[in-house]
1. Could you work out how far the C-alpha centroid of the stretch 43-60 sits from that of the stretch 217-231, in angstrom?
2. Rounded to the nearest 5, what is the percent of antiparallel bridges among the DSSP beta bridges in the chain?
3. Percentage of Cα-Cα pair distances in the stretch 384-520 greater than 27 Å, rounded to whole percent?
4. In what order do LEU310, LEU358, LEU395 fall by count of nearby beta-carbon atoms within 10 Å, going from fewest to most?
5. Quick one: if the Förster radius is 51 Å, what FRET efficiency do ALA23 and VAL451 give, using the C-beta to C-beta distance and rounding to 0.05?
6. Provide the per-residue ³J(HN,Hα) series for the stretch 368-380, in order, calculated from phi with Karplus coefficients 6.51, -1.76, 1.60 and θ = phi - 60°, each as a whole number of Hz, with x at glycine and proline positions.
7. Putting +1 on Lys and Arg Cβ atoms and -1 on Asp and Glu Cβ atoms, find which of LEU395, GLY425, VAL451 reaches farthest to the positive end of the dipole of the stretch 384-520.
8. Please state, as a whole number in µm²/s, the translational diffusion coefficient that the Stokes-Einstein equation yields for the chain at 4 °C and 1.567 mPa s, with Rh defined as the Kirkwood radius across alpha carbon pairs.
Amino acid sequence: MVRHLLPRPDSVLCAALAADLDAADLRSEPLRAAWGAEADDALARGIRSPLLRAIAGRTDALASLGRLFVLGMPQPEADVAAALARTGVDGLEALGLGYREDGAVVPAALIRPQSFVDADGVGEWWIASDLDELALHHMDGGGALPPDHVLGVGGASRTLASTVMPVEVERALDLGTGCGIQALLVSRHAGSVIATDISARALAYAELNALLAGAHNIEFRQGSMFEPVAGESFGLIVSNPPFVITPRGADVPEYEYRDGGLVGDALVEAFVREAPAHLAPGGSAQLLGNWESVGPSTGSGAGVPGLRRLESWIEPALDAWVVQRETLSPLGYAELWIRDGGTTPRDAAFEPLLDAWLDDFAARGVTEIGFGYVLIRRPAVGVGEDATRSTPSPLRRFETLPQPVTSVGRALRDGLAGHDALADGIPDVLLVAGDVTEARHHLPGQEAPSVIELRQGGGFGRTISVDPALAGFVGACDGDLTVTQIVAALAELFDVPLVDLWSDLEPRIRTLVTDGFLIPADR
């Protein structure tokens, strides 16, 4: 039985461990080169034998620590001692990351390199977390996770990281920090960060990871939701909360990293209702979440879509931008999260768990579960120069965007900036964003296009159909002419009254600014 040790962060030992990992070059590219790209990709699918074949017989530091920390495999004590010359096996045990047994060092945690890209460039950290299903399966013969499992950097973590706006703030909050990856990312653009979690185990990992990364502007506090920061405010709040909808029953395991202990999507509701009270003027809260669509009860009429329920939880005076990325049926959702806990259809527990999930959804009339990003912003209070500007009306966008997206954080930041720029009317000069292209579709034999589309190469990857007048306007936004001059020229070209053309174009130009197709020239 693998020992479930509690990490014990220590600044001196973590500095020594970081130096050892650096000396071994335990980083993504050297590891990928050591065992090959195809084998590296196979690990993400839970297959490790190709990696082991590639480094079979190697006892150098990279191979030994790769097997120990990346794959979670016991290694000969002598090899580990040689690879951890500064930390030593004693130091590894003192940190709670491994232990001696029968002449080997058994890992109690994974430590994997994690690359990141933000406005300051590209970097990589070592992120420690609990042993995953693959390691537990090979060491214990079972892959089910313990309830207090601390997850490493998974898909949801990477998704949230890509959506957080790259903005400079004095104080930031990472609520439900888990292994601490979001706190580390935010710490690069914040004067100070408070990282909270209800799990003492998660906080231990998060603090250890901050020490490995050399981040010294993060404070760790234990508690539920906003209790640890009562009365405090922040310029940015980020959260990958335990939003997974889990039936509340004695026979259903609850995992701290994903289950908030509430019924349905109540945890997401609680967050979006409480977060604004902790936002400084102009501050934003960003999170991932699930929300339920509820079908009609007998005689009660139409059901309520999940996005509409979510909208009702956010005060009308606040900016709110919600992007629903996908929806799942109750069956699809249940299967996804049962498998996530390490239980497969081959296990006897699978079908009872599936019934528990489906019974819960049926009892509450849930027809669909949505997943996506939530952004809430508190309006800024006009002071100094800002006091002379108009206060924009709240931005309220609740949309479903299933297409591929990139650089979402920048797109959200620029969308909010575009919305703010429209408070005093459309800016005098607009420029076409660098990733915008135009496509024209012609019917055979026709000179005029039947369809004109503007396509966005980055951000939310939107495609918008436009008419010749709007296409002409966008095409002329190269900085040489003002908006007024362009519209006047188009009115003459199309032989329509200027006031009528402006009435038609103005709301659509506003949408193009908010969507990032057009950018104010002074930005």
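Just so you know, all these numbers are worked out from the coordinates, no wet-lab data involved. None of these values were measured; they are calculated from a predicted model. Ideal geometry is used to build each Cβ from the backbone, glycine not excepted, and the neighbour counts take in all protein chains shown.
1. So the separation of the two Cα centres works out to 40 Å.
2. 65
3. Looking at the stretch 384-520, the distances longer than 27 Å represent 24 percent of pairs.
4. Starting with the residue having the fewest Cβ neighbours, the order is LEU358, LEU395, LEU310.
5. After rounding to 0.05, the efficiency reads 0.30.
6. Rounded to whole hertz, the list is 6, 10, x, 9, x, 10, 10, 10, 10, 10, 8, x, 6.
7. Sorting the options by dipole projection puts first LEU395.
8. Taking Rh from Cα pairs, D becomes 50 µm²/s.
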